[in-house]
1. Among the residues of region A:194-253, how many are free of Cβ contacts under 8 Å to residues at least 40 places away in the same chain, more than 30 Å from A:Thr135 (Cα to Cα) and charged (D, E, K, R)?
2. For a quick check of your reading: which strands (runs of 3 or more DSSP E) sit entirely within region A:200-283 and have at least 3 residues that are among the hydroxyl-bearing types (Ser, Thr, Tyr)?
3. Which fully enclosed helices (runs of 4 or more DSSP H) of region A:1-102 have 2 or more residues being away from chain B (no Cβ under 11 Å) and modelled with pLDDT under 80?
4. Please work out if B:Asn19 is assigned to a helix (DSSP H, G or I), more than 12 Å from chain A (Cβ to nearest Cβ) and more than 20 Å from A:Leu35 (Cβ to Cβ).
5. Within the bounds of region B:35-52, is there any residue that is without any contact (Cβ under 8 Å) to a residue 12 or more places away in the chain, within 10 Å of chain A (Cβ to nearest Cβ), touching a helix residue (DSSP H, G or I) at 6+ places or on another chain (Cβ under 6 Å) and assigned to a helix (DSSP H, G or I)?
6. Taking region A:166-199, which residues are outside any strand (DSSP E or B), at pLDDT 90 or above and either touching a helix residue (DSSP H, G or I) at 6+ places or on another chain (Cβ under 6 Å) or surrounded by fewer than 18 Cβ atoms within 10 Å (Cβ to Cβ) (or both)?
7. If I ask for residues that are surrounded by fewer than 15 Cβ atoms within 10 Å (Cβ to Cβ) and under 21 Å from A:Arg554 (Cβ atoms), which ones from region A:614-660 would you list?
8. Across region A:311-360, what is the total count of residues that are more than 12 Å from the chain's Cα centre (by Cα) and within 17 Å of A:Leu122 (Cα to Cα)?
Amino acid sequence: MPVWHRIRSMARNVFARERVERELDVEVRGYSAMLEEEKMARGMKPNEARRAARIESEGTEQIKEQVRSSRGGKTLEILWQDLRYAVRMLRRNPGFAVVAIVTLALGIGANTAIFSLVNGVLLRPLPYRDPGKLTIIWEQDDKGKPDNVGYATYLDWKSQNKSFEDLAVYSSWQPILQTGEPEQLNGLRVTSNYFRMLGIHPELGRDFLPEEDNPASRNVVLLSHALWERRFNSDPNIVGKAIAMSASSYVVAGVLPASYQSLMNQDPRGGTVEIWRVLGYDVTLPFACRTCHHLVAVGRVKAGVSFAQEKAEMDTISAALMKAYPKEYSAAGVILTPLREKLLGDARTPLFILFGAVSLVLLVACANLANLLLARSTNRQREIAVRTALGASRGRIVRQLLAENCLLAFLGAAVGLIPAYLTPRVLAAVGTGGLPRLEGVQMDWRVLVFTAAAALLTGILSGLAPSFRLSKTDVHESLKEGARGSASGASRRLRGMLVVSEVALSLTLLIGAGLLLRSLAQLLNVSPGFDAGHVLTLRTSVLGQRYNDNNVLRQYFKDAVERLRVLPGVQSAAAASQIPLGGNMDEYGFHPEGKMNANPELDESAERYCITSGFLATMRIPLLRGRDIEPSDSLTSPGVILISATTAKQIWPNEDALGKRVKIGVLDHPWLTVVGIVGDVHHVGLDSTPNMQMYIPHAQYPFPDTDMTFVVRSSGPPRAIASAAGQAIHSLDATQPLSRVMPLEDYVALSVQGRRFALILIGAFASIALLLSIVGIYGVTAYSVAQRTREIGIRVALGAQRIEVLTLILRQGFVLILAGVVLGVAASVGLTRFLASMLFNVSATDPFTFALVIMLLVVAALLACWIPARRAMRVDPMVALRHE
Amino acid sequence: MTPNQTELLQGTLDLLILNALTTTPLHGLGVARRIEAVTNGTFRVKPGSLFPALHRMEEEGWLSAYWGESENNRRAKYYQLTRAGRRHLEKETERWGRISLAIARALEARG
């Protein structure tokens, strides 16, 4: 069997290599000897015969090499041989090896780290059964924007559609766990089919039952694995037990698997979802109405139904509903968002930008390594010449050199795995501003494969040019006695080009970082509309039967604020249903007297702050006109409201808003009179223009909020009064939960965290690239000075001024830098527009940033030239000429 | 080099070597000389092609080798045909016959 033969000889070639080699040597030399004997037998003299035989047999070493390369298993063997040789070479040049490995570790490490981020967030499959079929279905409002759905609408969708296997809805839910220390949990209320539709099965207990999904029997919950461990000691008998939450009792139906991390409801300020309760609505409930837009609908599309089909069907259903209930919908139509898009869509752009930026770093690292290799290649010409003379073909030499590079790259990659390993910790320390699924950012097989591929690519890319240059070495010239390594013109040009591209790439990254830095500076310069310094915030959610009485509730907040206000070091205190940049979205319809739409659903809505008196003073929100809310605004006095400047301008553009009357939310409430106009605050983010806002007194509003945030302005650092503030509130009622005890400034910081994250990373990449390019420029200049020592010596001996020598060297470096800058500016103009979505008040081609960054780069690069140039200036002509 | 040097196609070289070994085992130089003799000097096989081909065919199992003594008592590696080699030679001979016939016809058709 030929196959068997081949395997056997392959094994022999590998394991009995020495014997095979010895026999080959005897065979080939025997051939030459016989040839010689043959010629002598024909009458040639021994000398002539030997010479003729040698010419005819064309060199025993070459023949042996040709035989070797025709053998089976040759590729493997050669690879092994090349690698061993590569290890020897690197050990002989530890300095070179260290510089090269560090360069590669920086380049590959940064790439692996970002890839592990991209992998963990974007590439990992969603934790649902067949996630591609899951779609979020929004109602479309009159501005064409997506809106949540009301329960009645959901029921109609569910019963009328034929495109979806199933539809479910969820809404957010924040219960307070009352076993042990009271704690506010992040949860969802979901219809009973929710987990079945997603394809998630509880690891303990059971899923929700359809018969539980009604108002009479809805106190049933599922726990996340983490919550079960954290608060219930992984109690194996938890199923069926009752737990006390928000002054009610709930039965635990089951525990979800640890692998399931909820992706719905992402909020950087809150935690992940840890508890689920069955929704339990029916249409008779007041908040199950069509205009009660507070549910999110998810559907699983039937197999074979296209996106266009499901959209067309849902649009038809929606149009029919609009016709049947014209007062309850502001527009017909639905918006479909694939679940993946909804959950990960926002993360995609910044991650791809980071990935793009980090691949530029890898290119710089490649260029730098290629540069190092070229510098070294001059010294290796001789070695290569000897190997060529001994029968190595050109392909064989290129392969050998590439093997050396790949070995380097893999060593670099191994070191580069360290940053990737540390990525999760770094992310936690820096804060990513709401990137989802960070718990999955870790080393897995995809990351390792990526790293290996990056290493291989780097090794080949950086080694290709130098290898081909080297393999063209002229054997005859290089072997001449005393021939000194000298860079050929081509090699010098190549190195120049590499430096130019390094400079260009670094400049592009630096400009990107510069633009982001300026954006962040601009953003932090935006006044949020309030003064965040020296303010402590504490969030609470009032709990207990006695607070069902609204008067008790109002009195509780009045008293709590009073206790906070009299604490030592406290200047003022207040409470509000939400705070700007707090991440809440509490908007109510704003219905001005005489300007209401026939369909009140079409009236504008405004962000609603239900506040105690003293809120404006504590937040330092300016009162522009009229008066603040006073303690005297109570249930017995006429209803009042404060509006923001934007609200006044938008609703009453040419009139005085003071004294006008509005209704908010529902129309059967009494009129509220506008008594004051206050400054706008940035509620959603510093980078978006403020919406309409309104402030109503907690002491007067018919439905006083139970979820409130205390704000306390102190004269010292806010954290210093945190425990005193907590004690003051608990001295009134020790059972009340307090959460998010943090300075108001942290809310501002969290709102720009995403930008800061991008800036830190791109800044780090730009610094690495700059560092590598400076090393590259330094290397090229220093090398050229060393090469030209003799020439410089002659110039000095002939009377050249030191300063002329200096300019000579600097000019050479300057030309390279200039070319790099020109290319880099061109590349930046093309590339920075991809950053546009992350910029704020800065154009993607901001001349100021460009100029500043170019200056920085040129100065740094010239410094890198300056050191070797100064050495050239000090060349002693006598020493230089004797250098020969 | 030699004026009548002809580029040998790999298959042709294999065929010539197998053919040279049909009657008696030969060492490397012997194979080269035999090919030269039977083709009246048309094919001069260079050692750089000969030895790789011999080693390759040995690995394929068409040739086997043993160490013997040359005419001048020199240690030399002799190659001989195996049964698989003989089968391969027959197959190749037949194929070669078909090809050369076809080419000959094609060339005749030109006139």
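1. Qualifying residue count for the region: 4.
2. Here the list reads A:248-255.
3. Filter on region A:1-102 gives A:2-15, A:74-92.
4. On the way: assigned to a helix (DSSP H, G or I): yes; more than 12 Å from chain A (Cβ to nearest Cβ): yes; more than 20 Å from A:Leu35 (Cβ to Cβ): yes.
When the stated conditions are applied, B:Asn19 passes them.
5. Yes, some residue in region B:35-52 is without any contact (Cβ under 8 Å) to a residue 12 or more places away in the chain, within 10 Å of chain A (Cβ to nearest Cβ), touching a helix residue (DSSP H, G or I) at 6+ places or on another chain (Cβ under 6 Å) and assigned to a helix (DSSP H, G or I).
6. Passing the criteria: A:Ser192, A:Arg196, A:Gly199.
7. If the condition is that a residue be surrounded by fewer than 15 Cβ atoms within 10 Å (Cβ to Cβ) and under 21 Å from A:Arg554 (Cβ atoms), then A:Arg627, A:Glu630, A:Pro631, A:Ser632, A:Ser634, A:Leu635, A:Thr636, A:Ser637, A:Pro638 are the ones that fit.
8. 8
The values are calculated or read from the model by the stated rules, or taken from the named source; none is laboratory data. Keep in mind the model is a prediction, meaning the values are calculated, not measured. Please note: Cβ atoms are built from the backbone with ideal geometry, for glycine as well, and neighbour counts cover all protein chains shown.
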